[in-house]
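The values are calculated or read from the model by the stated rules, or taken from the named source; none is laboratory data. Keep in mind the model is a prediction, meaning the values are calculated, not measured. Counting neighbours? That spans all protein chains shown, and the Cβs are built from the backbone with ideal geometry, glycine included.
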Amino acid sequence: MARIAVITVTYNTPKADIIRLKKETKCLSPQAFIVIDNTHNHNGFAKGVNEGICQALSLKPKPDQLLIMNPDIHFTKLSQKSVQEVCSAYDIWGGVIQQHGKTYYKGVIDPNNLSGGLSQTPPATNPYPVDFVSGSCMGIRASIVPRVGLLNETYHMYYEDVEWCYRATKKGCTVGATTSITYDHFENSTKYPKKDYYLTRNRLLFLWQHGSLWQKIHELLTIPKHIKKLL
């Protein structure tokens with residue numbers, strides 16, 4: 001089994017959740033379980049993840065894999081075999097998300113305007129390619145970090161996972177998921193008052209940074225439709 005370091009970023013997170021996640025990931029025999037607490041510094045998810053990645057890569061020996069996860073998830077299916085299978089096939093990997101009574105199998109990026117979303121369409125193969133892996137549970141081959149770089153901290157929270165996977169793909173990395181890993185995502189961030197602001201801001205930031213002229217024009221043409229919905 002590859003050496004794996006687990007990273008989680010917390011914010012006013014009950015200790016019971018951390019203890020639970022340690023138990024749920026014990027089957028992976030992690031080299032380290034790194035907790036980055038953002039409760040008092042308000043650094044944002046991306047900056048917290050980057051801090052965790054840097055700590056993990058300073059370990060000796062260095063881990064082969066990094067498993068980044070939110071504290072508000074609960075694994076319903078996880079094993080060394082499932083992780084080994086998907087991380088052998090893909091540089092960036094994830095699993096199936098169960099959220100708000102729905103099952104999401106993969107992250108999809110709309111080619112028209114680069115908006116990221118989750119798909120409920122089951123895959124035909126396993127493991128299978130995806131456009132992006134949700135930051136709620138994202139595995140990374142440690143050796144690709146120097147090539148791709150860290151998460152973009154400008155995003156603060158939301159869309160940093162979409163942007164990072166997109167950037168990694170452009171660097172020649174592969175992104176995939178497996179149905180052999182499943183987890184519930186309680187999405188505690190729904191209570192965050194600025195969620196809609198950051199989702200909209202960062203979607204447009206992602207489009208501005210990586211979109212083609214045609215994709216940006218397509219987004220501009222949809223503005224009247226969005227305004228009409230608000231009237």
* Asked: Is there a residue in the stretch 67-83 that is surrounded by fewer than 18 Cβ atoms within 10 Å (Cβ to Cβ), in a strand (DSSP E or B) and β-branched (Val, Ile, Thr)?
  -> yes
* **Of the criteria (1) of a type in the set (Lys, Arg); (2) part of a loop (DSSP other than H, G, I, E, B); (3) within 24 Å of Thr178 (Cβ to Cβ), which one Lys60 fails** => (3)
* Is it the case that the stretch 41-55 has a residue that's under 20 Å from Tyr155 (Cα atoms), surrounded by 21 or more Cβ atoms within 10 Å (Cβ to Cβ) and of a type in the set (Val, Ile, Thr)? -> yes
* Say we look at the stretch 126-168 and pick out the residues that are touching an Asp or Glu at 6+ places or on another chain (Cβ under 9 Å) and surrounded by fewer than 18 Cβ atoms within 10 Å (Cβ to Cβ); which of these is farthest from Leu207 (Cα to Cα)? -> Asn126
* Asked: How many of the residues making up the stretch 140-166 are part of a helix (DSSP H, G or I), touching a residue at least 40 places away in the same chain (Cβ under 8 Å) and charged (D, E, K, R)?
  -> 4
* Quick check: is even one residue across the stretch 109-119 among the β-branched types (Val, Ile, Thr), at pLDDT 95 or above and surrounded by 23 or more Cβ atoms within 10 Å (Cβ to Cβ)? -> no
* To do: Given the conditions (1) over 12 Å from the mean Cα position of the chain (by Cα); (2) buried (at least 23 other Cβ atoms within 10 Å of the Cβ); (3) under 22 Å from Asp17 (Cβ atoms), report the number of the one that Thr178 does not fulfil.
  => (3)
* Asked: Among the residues of the stretch 11-30, which ones are in contact with a helix residue (DSSP H, G or I) (Cβ under 9 Å, 6 or more places away or on another chain), surrounded by 18 or more Cβ atoms within 10 Å (Cβ to Cβ) and under 21 Å from Pro61 (Cβ atoms)?
  -> Leu28, Pro30
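Would the stretch 119-127 turn up any residue that is part of a strand (DSSP E or B), closer than 26 Å to Lys47 by Cα and without any contact (Cβ under 8 Å) to a residue 60 or more places away in the chain?
Looking for residues that are part of a strand (DSSP E or B), closer than 26 Å to Lys47 by Cα and without any contact (Cβ under 8 Å) to a residue 60 or more places away in the chain, one finds none in the stretch 119-127, hence no.
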* To do: Residues being touching a Leu at 6+ places or on another chain (Cβ under 9 Å) and not hydrophobic (A, V, I, L, M, F, W, C): count how many of those fall in the stretch 1-59.
  => 9
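Right, Asp91: of a type in the set (Asp, Glu) and either under 23 Å from Lys170 (Cα atoms) or in contact (Cβ under 8 Å) with a residue 40 or more places away in the chain (or both) or not? Outline the logic, then answer.
Values: of a type in the set (Asp, Glu): yes; either under 23 Å from Lys170 (Cα atoms) or in contact (Cβ under 8 Å) with a residue 40 or more places away in the chain (or both): yes.
The answer is yes for Asp91.
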